Every structure is written in structure tokens, then in C-alpha cells.
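Some notes on the structure that comes next.
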Amino acid sequence: ILERSRKIINTNRQILIDWLAQEPLVDCVVPEAGTIAFLKYHLSIKSRELCAKLQQDTGVFFVPGACFDQEYHLRFGFTQDEKVIKEGLITFSKWLRQFDHQSIDIQL
């Protein structure tokens, strides 16, 4: 069970790393251990509003960072099925394209 769980987590961690490399509106310090990460997004929309709109528009679900006192972040879990992770991140990237450059708040 542990070996299977580690494989799922490591596979999904790499999927996230690869996605982050091509997604300019989101960054993250990806943890080497554990099952969650907090994605920092660079838009002026608050996390609760972003998550509600994203889920309503696409069905993609993140827990808002505001629930953890981490505004402008999204909680990302590594334990979902790899296909769901890939499809969700692709859909999220497409959804992010609706925001023009004027609404981007780059504060690294």
C-alpha cells in the first residue's frame, strides 16, 4: 500500500512540476514530501471567488488558500488519479486565459 501511494504522489508531483514550468500565472515551491502544496496564482481575484468561479465554469475544484490564511493561493492535493490531475490542470490553464494582462498582479 505504501509503495502504491508513494508512486501516485511522485507521479502527480512530477505532473505538477511540468505544468508549473509552462504556466506563467501560477508558481509553487513543490514540497519533496507530503501530499499537498499551495499554488500561488498571480491574479487580483481573491481565492474564494476564484475557486467558486473556476468550479462553476469548469468543474475543477481547489480549496481556497483563504481557508488556511494563505490568500492568493490554492490548495493542491497529490493523491487524485493522475488522469484527473492532468485534465484538471489543463482545464485550469485554459480557464486562466480569460484574464487579460491588465488583471495580472505579479508580485513574486
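The values are calculated or read from the model by the stated rules, or taken from the named source; none is laboratory data. Owing to the predicted nature of the structure, the values given are computational and were not obtained by experimental measurement. A quick note on method: Cβ atoms are made from the backbone with ideal geometry, for glycine too, and the neighbour counts reach across all protein chains shown. Heavy atoms of the whole protein, side chains included, go into the accessibility calculation; ligands, DNA and RNA do not. Shrake-Rupley method; radii C 1.70, N 1.55, O 1.52, S 1.80 Å.
Looking at segment 28-40, is at least one residue in contact with a His (Cβ under 7 Å, 6 or more places away or on another chain), outside any helix (DSSP H, G or I), open to solvent by less than 30 Å² (accessible area, probe 1.4 Å) and free of Cβ contacts under 8 Å to residues at least 60 places away in the same chain?
Scanning segment 28-40, I find at least one residue that is in contact with a His (Cβ under 7 Å, 6 or more places away or on another chain), outside any helix (DSSP H, G or I), open to solvent by less than 30 Å² (accessible area, probe 1.4 Å) and free of Cβ contacts under 8 Å to residues at least 60 places away in the same chain, so the answer is yes.
In the list Arg97, Arg4, Arg75, Arg48, which residue meets the criterion of being free of Cβ contacts under 8 Å to residues at least 24 places away in the same chain, in contact with a strand residue (DSSP E or B) (Cβ under 8 Å, 6 or more places away or on another chain) and open to solvent by 60 Å² or more (accessible area, probe 1.4 Å)?
One residue alone meets the criteria, Arg48.
Do you know which of the residues in segment 38-95 that are of a type in the set (A, V, I, L, M) and modelled with pLDDT under 95 is nearest to Arg6 (Cα to Cα)?
The selected residue is Leu43.
Among the residues of segment 68-82, are any part of a helix (DSSP H, G or I) and in contact with a Leu (Cβ under 9 Å, 6 or more places away or on another chain)?
The answer is no, given that none of the residues of segment 68-82 is part of a helix (DSSP H, G or I) and in contact with a Leu (Cβ under 9 Å, 6 or more places away or on another chain).
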